[in-house]
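Quick notes on the structure that follows.
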C-alpha cells in the first residue's frame, strides 16, 4: 500500500490554491481525532504530533530539528524532547537517531497499536 503522502503529492500537483489569505496560503494540517481526543496524551505531545504531520505532508519526509519544533511550539527544547518521547512510547512515531549533530528522522505511524497488558 502506498504511503498517503505519495497520494497527496499527486493531488497537490492537480490542485492550485488561489488565495490572498495569509493563513490559507501556508496550508493546513489534519490531526486524526484519535490523537486530538486521547486523554492520555499531553497537549504538548499533540502539538508535536501535529507539527510532525505538517512537515511530513510537505514532501513525504519528516526530519525537523528539536530546536525548530521548540520554536514552532513556543516551548523549550526539553519540553519538545518529553513530547517526542511520549509519542514514541505510544508507538505513534518511530525515531531514527542519526547522530553527530544531524536531525532525527521520524516515521509517523497511522496504525494504532494497543498497549500491552502488563
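The values are calculated or read from the model by the stated rules, or taken from the named source; none is laboratory data. Fair warning: this is a prediction, and the values are worked out from it, not measured in the lab. Glycine gets a Cβ as well: all are built from the backbone with ideal geometry, and neighbour counts include every protein chain shown.
So is residue 61 under 16 Å from the mean Cα position of the chain (by Cα), at pLDDT below 95 and surrounded by 15 or more Cβ atoms within 10 Å (Cβ to Cβ) or not? No: the conditions fail for residue 61. Scan the range 32-51 for residues that are outside any loop (DSSP other than H, G, I, E, B) and surrounded by 15 or more Cβ atoms within 10 Å (Cβ to Cβ) and report the count. Within the range 32-51, residues that are outside any loop (DSSP other than H, G, I, E, B) and surrounded by 15 or more Cβ atoms within 10 Å (Cβ to Cβ) number 9. Among the numbered criteria (1) surrounded by 15 or more Cβ atoms within 10 Å (Cβ to Cβ); (2) at pLDDT 90 or above, which single criterion is violated by residue 103? In the conditions (1) surrounded by 15 or more Cβ atoms within 10 Å (Cβ to Cβ); (2) at pLDDT 90 or above, residue 103 misses (2) alone.
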